[in-house]
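Below is one structure; the comments refer to it alone.
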Amino acid sequence: MFRNLQAYLKALEARGELKRIHAPVEAELEIAEIADRMVKQGGPALLFENVVGKGFPVAIGLFGTRERTAFALGVKDLDELAGKVQALLELEPGKGGLSALLKLLPKLSALKGFFPRRVRTAAVQEVVWRGEAVDLSRLPVLKTWPLDGGPFLTLPLVITKDPETGELNLGMYRMQVLDKRSTAMHWQLHKVGRRHYEKARRLRKPLEVAVALGGDPILTYAATAPLPPLPGVNEFHLGGFLRGRPVELARGVTVDLPVPAEAEFILEGYIDPEEPLVEEGPFGDHTGFYTPKDLYPRFHVTALTHRKGAVYPATLVGPPPMEDAYLIEASERLFLPAVRLLLPEVLDYHMPPEGVAHNWVNLRIRKEYPGQAYKAAMGLLGLGQMMFAKVVLVTEGRVSPGFEALLEALPHLLPGRDTLFVRGPMDVLDHASRAFAFGGKLILDATRKLPEEGGEAPFAPKAHPHLPEDPRVKAQRQYPGLWLVAMHKTKAHQAWEVAQSLLATPQSEGIRLLLLADRDTGLEPHEFFWVLLNNIDPERDGRILQGASGPVLVLDGTQKLPEEGFARAWPEKAVMSPEVKAKVDSRWAEYGL
C-alpha cells in the first residue's frame with residue numbers, strides 16, 4: 001500500500017515507470033495527446049512539472065498498464081484480488097459454539113484495515129482557500145478532446161451522504177469546470193450520487209459534497225468499483241480492506257463530511273437541488289465517442305484545500321485501449337468470487353477492452369443441464385451494473401482474449417437456435433440504444449449443446465482468401481467463421497441489402513457471423529469490435545439470414561439514420577485535431593520521451 005499519491009509516484013519512479021516532463025506543456029489537449037500515445041504503447045506514467053499558466057504539476061497514466069494497476073493495488077497480479085475476496089467470503093463461524101469462534105480468529109486478519117480511522121489533522125488541509133479565494137482556474141484541469149465542452153476533472157472522488165439514512169458514498173463522476181467556483185456534476189441516472197441528489201430534491205434541502213483528488217491509488221480505484229449496496233459498507237471500507245490499513249479521514253473545513261486526509265486536493269461545497277440544472281458536455285467519453293450536451297446539477301465550491309507541493313492527478317478516456325480497461329479488469333477479478341457465490345456455475349468472466357466495459361462480456365460456465373447458459377447470462381444481467389451489458393457470450397472455453405475466445409466459440413453457436421434477443425436497462429452513455437437508457441441485448445449460447453437443446457450442429461469455420469467485389473464495400477476481411485465488412489452507407493437499411501448480397505456468394509460458406517460497420521472503420525478486430533459494439537442495439541440491429549452453410553447472425557453497426565426511425569443525435573468519435581498531433585510530433589524530443 002502507499003500512504004498517498006506522492007509515495008506511489010516515488011515508487012513508480014524507482015521502478016522506472018514514471019517519466020518527468022520538464023518542458024512547458026498546455027493543459028488544453030497537449031497533455032492528453034502525449035498521454036494517449038504513452039498508454040497505447042504501454043509507456044510509463046507521466047509527471048508534467050511545468051503546466052503553462054497553472055500552479056501545480058499533473059500526474060497521468062497512474063494505471064496505464066495491467067502490471068502497473070496491480071502494483072497500485074498492492075498485488076503482483078490482478079488475479080490475486082479474487083483471493084482476497086474469497087478469504088473474506090470464507091469468514092463463517094459455522095456451528096460449534098466457542099470452539100468455532102476460536103477457529104475463526106486467525107482468519108480475521110482478512111478484515112485488517114476495513115474500518116476507516118478518524119484523524120484531527122490532515123496533510124490535505126495544509127493550505128485552505130475559502131469563499132472568494134477559491135479559484136479553480138489555478139488547477140491544471142485538462143481538456144482532453146477538441147470538442148469537449150471545457151476542462152473536466154477526470155479522477156474526482158466524490159463524497160456525499162444519503163440525506164435520509166446517512167450512508168456515505170464515494171463515487172467517480174466527471175466534473176466540468178464552469179467558472180472559478182463551480183462545476184457541473186455528472187450524476188447519471190443509475191448512480192448512487194444521483195439518488196442522494198434526488199432525495200435532497202424531495203426534501204428541498206442542499207446536499208453537501210466533498211471531492212478528493214489523489215490519495216492512495218487504491219482509494220482512487222475503490223471509487224470506480226461497482227460495490228454492491230451493503231448497509232454500513234462504503235468505498236472507504238473497500239479501500240481499507242484492499243490496502244490492509246485503515247483509510248484516514250478528517251472532517252471537511254466547511255462541510256460535515258469525512259475527507260481522505262492524505263489526498264492532494266479537496267473541493268468542498270454543496271449542490272442546491274432547487275437551482276436550475278446547467279448544461280454539461282460534450283465530452284469525449286470512455287466509449288471512444290462524444291457524449292452530447294445534457295443538463296446536470298451545479299456544484300458550488302465553498303473551500304479548496306490542498307497539501308503543500310500538491311500534484312494534480314488526471315486520467316484520459318477515449319478510444320481503447322485506455323487505462324480504464326485495467327481498472328475494469330481489476331473489478332472483474334475482485335468481484336469474481338461474489339459472482340460465483342450467486343451463480344455457482346460461473347467459472348470465469350471477462351469484459352474485453354473493445355467492449356469498453358458493458359458492451360461485451362464473455363462468460364465461462366460449468367454446464368450441467370439444458371438451458372443453463374441462458375440461466376447464467378440472465379443471472380449475470382441481474383447483478384448490479386452488469387444490467388448494462390449489451391452482448392453476453394456464454395462458453396465452456398476460455399474467455400480471454402475476447403476476439404480469440406469468440407472465434408473458438410463459433411463452432412458451438414448456431415444462429416437462431418443459440419441466439420436470444422432481450423431488452424433491459426442500458427448505460428445512459430450508450431448512443432445507439434432504441435431509447436435513452438433502454439435497449440436490446442444479445443445472449444450467445446456457445447456451450448456444447450445437449451440432446452434436449454438439439455445437439456451439436458456440425459460446422460467447419462472458413463476464411464476465404466478472395467472475397468466478392470461490391471462497390472458499396474470499402475474494405476472486408478474474413479477470419480474462420482467471421483466476416484468483417486466496412487461499407488459506404490448512403491441510404492436507410494442499406495446494410496441489410498449488402499448483407500444479403502454478400503451471403504448469396506460462395507464466400508459465405510463457413511461463416512456464422514457477418515458484421516458491418518461504416519467505411520471509416522479499420523478491420524483490425526480491436527478497432528472493428530469497438531465501433532460495432534458501440535453502434536448497435538442488438539435487438540434492432542441483429543438478424544438471422546441464410547448463407548451458404550446455413551444461418552448467419554448479421555449485426556448492423558453502421559450509423560443509424562432518421563429514416564430508419566432513429567431520432568437521437570449520432571455522436572462523433574473522439575479524435576485529436578491534426579494541429580495538436582503536429583505540435584506534439586514537433587516537440588516529441590523536447591519532452592524527452
Please specify each residue of segment 545-561 satisfying the condition of being open to solvent by 20 Å² or more (accessible area, probe 1.4 Å) and within 29 Å of the chain's Cα centre (by Cα). Gln559, Leu561
Could you please give the count of residues in segment 1-25 that are under 21 Å from Gly240 (Cα atoms) and touching a Lys or Arg at 6+ places or on another chain (Cβ under 7 Å)? 1
Could you check Glu527 against (1) farther than 18 Å from Asn359 by Cα; (2) out of contact with any strand residue (DSSP E or B) (no Cβ under 6 Å at 6 or more places or on another chain); (3) of a type in the set (D, E, K, R) and say which number it fails? (1)
Take the residues of segment 215-250 that are without any contact (Cβ under 8 Å) to a residue 60 or more places away in the chain and not in a helix (DSSP H, G or I): which is most open to solvent (accessible area, probe 1.4 Å)? Pro229
For Thr505, only one of the following conditions fails: (1) open to solvent by 80 Å² or more (accessible area, probe 1.4 Å); (2) out of contact with any strand residue (DSSP E or B) (no Cβ under 7 Å at 6 or more places or on another chain). What is its number? (1)
Could you say which residue among Pro461, Pro538 is open to solvent by less than 10 Å² (accessible area, probe 1.4 Å) and under 27 Å from Ala376 (Cα atoms)? Pro538
Under 12 Å from the mean Cα position of the chain (by Cα), closer than 30 Å to Pro140 by Cα and of a type in the set (Phe, Trp, Tyr), is that true of Tyr326? yes
Please indicate, with yes or no, whether at least one residue in segment 412-430 is over 24 Å from the mean Cα position of the chain (by Cα), under 22 Å from Ala325 (Cβ atoms) and part of a helix (DSSP H, G or I). no
Counting only residues that are modelled with pLDDT of 95 or more and either among the hydroxyl-bearing types (Ser, Thr, Tyr) or open to solvent by 10 Å² or more (accessible area, probe 1.4 Å) (or both), give me the strands (runs of 3 or more DSSP E) lying completely in segment 301-410 with at least 3 of them. 346-350
Counting only residues that are in contact with a Leu (Cβ under 6 Å, 6 or more places away or on another chain), assigned to a strand (DSSP E or B) and not β-branched (Val, Ile, Thr), which one in segment 144-183 is farthest from Pro226 (Cα to Cα)? Met175
Output the qualifying pairs, or none if there are none: Cβ atoms under 8 angstrom, residues six or more apart or on different chains, first residue in segment 289-315 and free of Cβ contacts under 8 Å to residues at least 40 places away in the same chain, second residue in a strand (DSSP E or B) and of a type outside the set (Lys, Arg). Asp294/Glu279; Asp294/Glu280; Leu295/Val278; Leu295/Glu279; Leu295/Glu280
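The values are calculated or read from the model by the stated rules, or taken from the named source; none is laboratory data. Being a predicted model, the structure only gives us computed values, none of them experimental. A quick note on method: Cβ atoms are made from the backbone with ideal geometry, for glycine too, and the neighbour counts reach across all protein chains shown. Quick note on the areas: whole protein, heavy atoms, side chains included, nothing else; ligands and nucleic acids left out. Shrake-Rupley method; radii C 1.70, N 1.55, O 1.52, S 1.80 Å.
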